[in-house]
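The values are calculated or read from the model by the stated rules, or taken from the named source; none is laboratory data. What you see is a predicted model; the values in this text were computed from it and never measured. A quick note on method: Cβ atoms are made from the backbone with ideal geometry, for glycine too, and the neighbour counts reach across all protein chains shown.
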Amino acid sequence: MTKHRHFILNKPYGYVSQFISNQRYAHKKKYLGELHDFPEGTMAVGRLDENSEGLLLLTTDGLESERVRSKEVEKEYWVQLDGEITEEAIKKLNSSVEISIEGKAYNTIPGKVKRIDVPKDLPFRSKKIRDEKHGPTSWISVTIVE
């Protein structure tokens with residue numbers, strides 16, 4: 001019986017959600033493996049973009065990774081937006097959204113989007129998200145199952 005390991009990581013700004021890359025400019029990127037000595041076979045469950053930060057699950061168990069990424073598990077993201085979000089935009093986001101993957105259009109499963117107050121006690125961020133002198137911002141909670 002294989003004993004799997006699971007990790008919870010606060011992925012910092014500026015890191016990509018992978019351990020290695022074959023891309024041409026890979027040497028200019030920062031990878032999760034630089035943050036800790038993870039066991040061989042560790043993989044990120046989902047991903048956060050390089051300029052995103054927050055909770056990221058890591059595991060050595062591919063089946064558990066698939067389960068968490070499935071429709072069986074809701075995933076919530078807090079998002080800071082430029083400007084004030086309208087109720088119309090929130091309604092639109094709560095319906096199916098069209099996305100493009102490799103040039104093909106898909107409609108997402110409707111999510112749950114709501115306006116939230118500025119989250120308190122966020123971890124220190126090395127790069128400021130947004131300076132108020134550039135105008136107002138708003139925060140939303142986005143919960144998806146895809």
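Cβ-Cβ distance below 7 Å, separation of 6 or more or different chains: which pairs start in region 59-74 with a residue that is closer than 17 Å to Gly41 by Cβ and end on one that is among the small types (Gly, Ala, Ser) and part of a helix (DSSP H, G or I)? Partner pairs satisfying both residue conditions: Thr59/Ser65. Just checking, does region 32-54 include any residue being closer than 27 Å to Thr137 by Cβ, in contact with a Lys or Arg (Cβ under 8 Å, 6 or more places away or on another chain), part of a strand (DSSP E or B) and of a type in the set (A, V, I, L, M, F, W, C)? Within region 32-54, not a single residue is closer than 27 Å to Thr137 by Cβ, in contact with a Lys or Arg (Cβ under 8 Å, 6 or more places away or on another chain), part of a strand (DSSP E or B) and of a type in the set (A, V, I, L, M, F, W, C).
Screening region 101-137 for residues that are at pLDDT 90 or above and surrounded by fewer than 10 Cβ atoms within 10 Å (Cβ to Cβ) and picking the one that is nearest to Lys75 (Cα to Cα) gives Asp117. Filter region 76-97 down to residues that are in a strand (DSSP E or B) and either of a type in the set (Val, Ile, Thr) or more than 20 Å from Leu48 (Cα to Cα) (or both), then give me how many there are. Qualifying residue count, region 76-97: 1. Residue count for region 39-62, restricted to those that are among the hydroxyl-bearing types (Ser, Thr, Tyr) and within 15 Å of Trp78 (Cβ to Cβ): 1. When the residues of region 15-55 are filtered to those that are modelled with pLDDT under 90 and at positive phi, the one that is surrounded by the most Cβ atoms within 10 Å (Cβ to Cβ) is Gly54. The listed residues are Glu87, Glu76, and the only one of them that is under 22 Å from Tyr15 (Cα atoms) and surrounded by fewer than 14 Cβ atoms within 10 Å (Cβ to Cβ) turns out to be Glu76. All of (1) at pLDDT 95 or above; (2) more than 15 Å from the chain's Cα centre (by Cα); (3) within 26 Å of Val16 (Cα to Cα) hold for Ile140 with one exception: (2). Counting residues in region 22-30 that are closer than 18 Å to Phe124 by Cβ, touching a residue at least 24 places away in the same chain (Cβ under 8 Å) and out of contact with any Ser or Thr (no Cβ under 7 Å at 6 or more places or on another chain) gives zero.
Could you please let me know if Ile85 is within 30 Å of Arg125 (Cα to Cα) and among the aliphatic types (A, V, I, L, M)? Yes, satisfied.
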